[in-house]
Amino acid sequence: VWSQVPQAPEDAIFKLTYAYKADQYDRKVNLGVGAYRDDDGKPWVLPSVKQAQTALIADESVDHEYLSITGLAEFTSSAAKLILGGDSAAIAEKRVASVQTISGTGANHLGAVFLSRFYGFEKFGVERQIYISNPTWANHKAIFNSVGIKPVDYPYYDPKTIALDFEGFTNTLRSAKNQSIFLLHACAHNPTGVDPTPEQWQQIADIFVEKGHFAFFDCAYQGFASGDLDRDAGAVRHFVARKSIPLLICQSFAKNAGLYGERVGALHVVSATPEQSAAVLSQLAVIQRSEISNPPAFGARVVKMILTEPKLYAQWQADVKKMAGRIIDMRQRLFDLLTKQLKTPGNWDHILKQIGMFTFLGLDTDQCKRLLEEGHIYLTANSRISMAGLTTKNVEYVAGWIDKVVRE
Ligand code: PMP
């Protein structure tokens, strides 16, 4: 019965991971996957997470009953405070509808389904489309296509300057029809590592107010940009404070709590009134029921403990700082090796300037191919590397290969 089913291509990122695993070369380096690794290249269970897990497992009152459809209430409310701030007026005014989701991907999907059902495309006279940054996380296109909302690129990254194309971005914001939907990376843009400055965010928010655009925030790296959870929420909090900007936030705890496989996330929809917010929450619950019934409990309980117990929260802040700090240190080492030791031709300032887990090296496809095939250094063809894959033991090797492919 499935003779008409065509073979789908493999996912590019996961394909890279499988190829890395199969490679027998002893100096191979995986810079493809967007997951934190310690200085030995190993996955890291955060000490705060370990403490919460241990307490949970020892607690005999914890059972395996279903959570409610919208998830663990103490998790969603504390997750909302984490991104919006403990003093958020929107939370105090009961204008935030929060639902626990299957990590950030699930939040993006639930947000996309919600928009596809309830956003006033016809009323506002806008196409069923969402503007996404060029480039963006590859899954954004797939997620919006799957719910019948067409992803359309907006200029974001300028390969000539290896930096933000602020003019191109803001020109598109201005020329788009009023009340268009724009997807924004809250911080640590994937894949470029290029974020607007706080001043640029204010100018972007001004245009949202002027044009009545909807902001679809994707926040997968809170804490990874600066090492400071509050600072990384700056753009989102600024938009929410503007009040008149309609928005939602997709939140993932995969990276900042190292809970990749536990699938812990939330969707927060901010409305103009508490009445609208209650209606939004009721519809999110209807969608969630038909898709997953109820979200998974364990990871949400871990994060809830970390967010609500002051000692654990302080430990988590230190854990996040440690991860961000190691990444910043790797940026400096790679930069120093290329510029001071090897004197590699070209300007490498962007390695220091870019933010979060990823760096766009600015190499061409052939150079990336050589890194992979000859150097056994696994990276995506657009020259994105995960800084978390670099360690004090392999950074010299990687710098040496970058130098080689740039020179030859
Ligand atoms: N959005 C962006 C921009 C991401 O980079 C990621 C992770 N790669 C996600 C969302 C979602 O990841 P997860 O589903 O693992 O939380």
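Descriptive notes on the structure:
- Each of 171, 103, 294 was scored by the projection of its Cα onto the charge dipole of the chain, and the greatest displacement toward the positive side belongs to 171; charges sit on the C-beta of Lys, Arg, Asp and Glu.
- Rg of the Cα atoms in segment 29-80, relative to 2.2 N^0.38 Å, amounts to 1.62.
- Taking N as its residue count, the alpha carbon Rg of segment 196-272 over 2.2 N^0.38 Å: 1.16
- Exposed-loop-free span, longest in the chain, where trypsin sites (Lys or Arg not before Pro) count as exposed if DSSP calls them loop and at most 15 other C-beta atoms lie within 10 Å: 244-342
- Comparing Cα centroids, segment 15-32 and segment 277-319 end up 34 angstrom apart.
- Rounded to whole numbers, the Karplus 3J(HN,Hα) couplings from phi for segment 391-408 are 9, 4, 8, 10, 5, 5, 4, 5, 4, x, 6, 4, 4, 4, 6, 6, 6, 8 Hz, using 6.51 cos²θ - 1.76 cosθ + 1.60 with θ = phi - 60°, and x at Gly and Pro.
- Using all pairs of distinct alpha-carbon atoms, the Kirkwood hydrodynamic radius of segment 73-308 works out to 17.7 angstrom.
- Couplings for segment 35-44, taken from phi via the Karplus curve 6.51 cos²θ - 1.76 cosθ + 1.60 with θ = phi - 60°, read 10, 5, 10, 7, 6, 9, x, 9, x, 10 Hz in order; Gly and Pro are left as x.
- Of all lysines in the structure, those lying under 23 Å Cα to Cα from residue 21, and not within fewer than 8 positions of it along the same chain, are 42, 255, 369, 393.
- Each peptide in 103-109, 196-202 gets a packing score, the mean of other Cβ atoms within 10 Å over its residues, and the list from highest to lowest is 103-109, 196-202.
- Using a cutoff of 8 angstrom between alpha carbon atoms and counting only pairs six or more residues apart, the relative contact order for the chain works out to 26 percent.
- Spread over its residues, the convex hull of the C-alpha atoms of the chain is 168 Å³ per residue.
- Using a cutoff of 8 angstrom between alpha carbon atoms and counting only pairs six or more residues apart, the relative contact order for segment 121-161 works out to 44 percent.
- Gyration tensor (alpha-carbon) shape descriptor, segment 186-338, a/c threshold 1.5: oblate
- Under a model in which nothing but the beta-carbon of Lys, Arg (+1) and Asp, Glu (-1) is charged, the chain shows a dipole of about 220 debye around its Cα centre.
- Reduced Cα scattering model of segment 45-106, Debye log10 I(q)/I(0), q = 0.13, 0.15, 0.20 Å⁻¹: -0.49, -0.65, -1.00
- Taking amide H as placed 1.01 Å from N in the peptide plane, residue 218 has its amide H under 5 Å from the amide H of 184, 185, 186, 250, each at least 5 places away in sequence or on another chain.
- Loop-located GluC sites (Glu not before Pro) in segment 281-377 (DSSP state not H, G, I, E or B) with no more than 16 neighbouring Cβ atoms inside 10 Å: 374.
- Average Cα contact separation per residue, segment 73-308, under 8 Å, 6 or more apart, as relative contact order %: 30
- Over the chain, DSSP H runs of length four or greater, each weighted -39,500 (n - 2.57), average out per residue to a 222 nm ellipticity of -14000 deg cm²/dmol.
FYI, it's all coordinate maths here, none of it is from the lab. Please read all numbers here as calculations on a predicted model, not as lab measurements. Note: ideal-geometry Cβ built from the backbone for every residue, glycine included; neighbour counts use all protein chains shown.
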